[in-house]
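Asks: Quick one: the structure is below, and I'll ask about it shortly.
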Amino acid sequence: MNISIQNKLSELLALPPELTQVSAIGSGHINSTWLLTSIDKQFIVQKLNTEVFKNPAQLVSNAKLIEQHLNAKQLQNNYPLEIIKHIATQSDEHLIKIDNAYYRVLNYISGSYSEDVVKNTQQSEQAAYAFGVFAHALQDFDAQQLHTVIPDFHNLAMRFEQLNTAITNNVVNRVKHCNGEIGYCLTQQHLITELSQVAKHIPLRVCHNDTKINNMLFCNTTHKAKAVIDLDTCMAGFWLYDFGDMVRTFCSPEAEDSTNLHNVVIRKDIFSAIVKGYVTPLKSSMSILEQESLLLGAKIMPLMLSVRFLTDYLNNDVYFKVSHAEHNLERAQNQLALYKNILSNEEWMHACLVDEKIQDTKKPVS
């Protein structure tokens, strides 16, 4: 963040610019995030990526509606987590435009930390439970009130269409570098039909749509889940997406861009902890079919991310932030390795979801 923008934000928030400092924070792919500190006050500042979020006002509107609903739940002692809240400027604005860029300011939740990779079962269960509590608190919120900030975000059929277009266009001649990955992905399109059949029989829910471990804050002292953050992609959808994204991002001991593919596997103990944590607050609200559909989500999410990373690689990296030329291809290979490992352990995972006793949960699945 340059100094002129820093000073402008300080003025809008009635903070002395000469006593304000900013530092980069977070590891998200899409928005840029900073910690803004002024004397004894701290805030989170985000520059919204308008290439991804075409209508930033709708994004802020969604987040504020959810914030208000959670606040009401908290007042009734029905929501135990801290809540991400928008901070208004002196002119009562929650969306700030500076030099044709859009910013927002959020409360800073102190005494907390985040993780990029799940370290243990306790952490996994805590985070999954908190995401389940978040979902449960919003089950009486009409999901159709929310704007669709990213159309077709979890539209698997459309993601495959985008991949096929990228293959055809081959704008930077990268197809030759990933023919194996492309061919395998195209053989897995049967999941589109499976999803469309299940979707007819489960309810539309408010979904977080980005349930990575780094979108959970943990307490510095107790190490329990403290807050669900990053509500940018909250939209109507199915709980299977949120569950699937937890499996995708929690279960492997490697980061999603790791090239140690032999180690990109489902850790049984972590998967069991996700099931216990997420299903516990939601079980009374789910049909058996909806609970079993969570496994479909565990398959769909890594496959869909593989397709998206591969598509962006072929399109010359126009969507996800990359640090080197092969970054998106490495991400795609990573997620395909995880997807294949899930397929090889599907029977075990299904048994875990339907509460059958699971043995030998201490070692990664190989």
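The values are calculated or read from the model by the stated rules, or taken from the named source; none is laboratory data. Because the structure is predicted, anything quoted here is derived from the model rather than measured. All Cβ positions, even for glycine, are placed from backbone atoms using ideal geometry, and neighbour counts span all protein chains on display. Each accessible area value is taken on the protein alone, full model and side chains, heavy atoms only, with ligands, DNA and RNA left out. Shrake-Rupley method; radii C 1.70, N 1.55, O 1.52, S 1.80 Å.
Asks: Of PRO56, THR20, ALA88, which is farthest towards the positive pole of region 3-125's charge dipole, taken about the Cα centre with +1 and -1 on the beta-carbons of Lys, Arg and Asp, Glu respectively?
Replies: PRO56
Asks: For percent of Cα pairs over 30 Å apart, the choices are (1) 46; (2) 62; (3) 39; which was calculated from the structure?
Replies: Computed from these coordinates, percent of Cα pairs over 30 Å apart corresponds to label (3).
Asks: With the dipole of region 189-304 worked out from charges on the C-beta (+1 for Lys and Arg, -1 for Asp and Glu) around the Cα centre, which of LEU294, VAL275, CYS251 lies farthest toward the positive end?
Replies: VAL275
Asks: Rounded to the nearest 500, what is the chain's calculated 222 nm mean residue ellipticity when only DSSP H runs of at least 4 contribute -39500 (n - 2.57) each, over all residues?
Replies: -14000 deg cm²/dmol
Asks: Next question. Heavy atoms only, probe 1.4 angstrom, no DNA, RNA or ligands counted: give me THR221, THR165 ranked by accessible area, highest first.
Replies: Largest to smallest exposure gives the sequence THR221, THR165.
Asks: What is the percent carbon and sulfur in the accessible area of region 30-96, measuring with a 1.4 Å probe over the protein chains and ignoring ligands?
Replies: Ligands and nucleic acids excluded, carbon and sulfur give 46 percent.
Asks: Next question. Give me the percent of accessible area attributable to carbon and sulfur for region 238-348, probe 1.4 angstrom.
Replies: Within region 238-348, the accessible surface is 51 percent carbon and sulfur.
Asks: Compute the accessible area per residue over the chain, keeping the other protein chains in place, probe 1.4 Å, unit Å².
Replies: On a per-residue basis, 44 Å².
Asks: Still on this model: Tell me the angle of helix 268-279 to the major Cα principal axis of the chain, expressed in degrees between 0 and 90 and rounded to the nearest ten.
Replies: Helix 268-279 and the main axis of the chain meet at about 60 degrees.
Asks: Another one. Place a +1 charge on the Cβ of each Lys and Arg in region 13-90 and a -1 charge on the Cβ of each Asp and Glu, then give the dipole magnitude about the Cα centre in debye, rounded to the nearest 20.
Replies: Here region 13-90 has a charge dipole of around 220 debye.
Asks: Let me ask something additional. So what's Rg/Rh here for region 193-238, counting alpha carbon atoms and using the Kirkwood radius for Rh?
Replies: Taking Rh as the inverse mean 1/r over Cα pairs, Rg/Rh reads 1.17.
Asks: Something else about it: Hey, what's the Cα Rg ratio for region 253-366 versus the globular rule of thumb, 2.2 N^0.38 Å?
Replies: Relative to the rule-of-thumb radius for its length, region 253-366 sits at 1.19.
Asks: Moving on. Give me, ordered by chain and number, the residues 5 or more places off ILE266 or on other chains with an amide H under 5 Å from its own placed amide H.
Replies: VAL365
Asks: Hand me the tally of lysine pairs in region 1-90: alpha carbons under 25 angstrom apart, and the pair either on different chains or 8 or more positions apart.
Replies: Lysine pair count for region 1-90: 14.
Asks: Take the alpha-carbon centre of region 28-98, take the same for region 228-269, and report the distance between them in whole Å.
Replies: Region 28-98 and region 228-269 have Cα centres spaced 23 Å from each other.
Asks: When the dipole is taken about the Cα centre of the chain, and only Lys, Arg (+1) and Asp, Glu (-1) are charged at their Cβ, what size is it in debye, to the nearest 20?
Replies: Roughly 220 debye for the chain.
Asks: Pairs of alpha-carbon atoms within less than 8 angstrom and 6+ residues apart define the contacts here; what relative contact order does the chain have, in percent?
Replies: 18 percent
Asks: Leaving ligands, DNA and RNA out of it, report the carbon-plus-sulfur percent of the accessible area of region 120-237 at a 1.4 Å probe.
Replies: Carbon and sulfur together cover 49 percent of it.
Asks: Please give the length that would be gained between GLN68 and TYR113 if that part of the chain were fully extended, namely 0.36 nm times their separation in residues minus their C-alpha to C-alpha distance (nm, one decimal).
Replies: 13.8 nm
Asks: Just to check I understand the Karplus step: with θ = phi - 60° and J = 6.51 cos²θ - 1.76 cosθ + 1.60, what whole-Hz values come out for region 328-333, glycine and proline as x?
Replies: Whole-Hz 3J(HN,Hα) from phi for region 328-333: 5, 5, 5, 4, 4, 5.
Asks: Okay, moving on. Mind putting together the pair-distance distribution for region 1-125? All Cα pairs, 10 Å bins, whole percent per bin, short to long.
Replies: Per 10 Å bin, starting at zero, the Cα-Cα P(r) for region 1-125 comes out as 11, 38, 36, 14, 2 percent.
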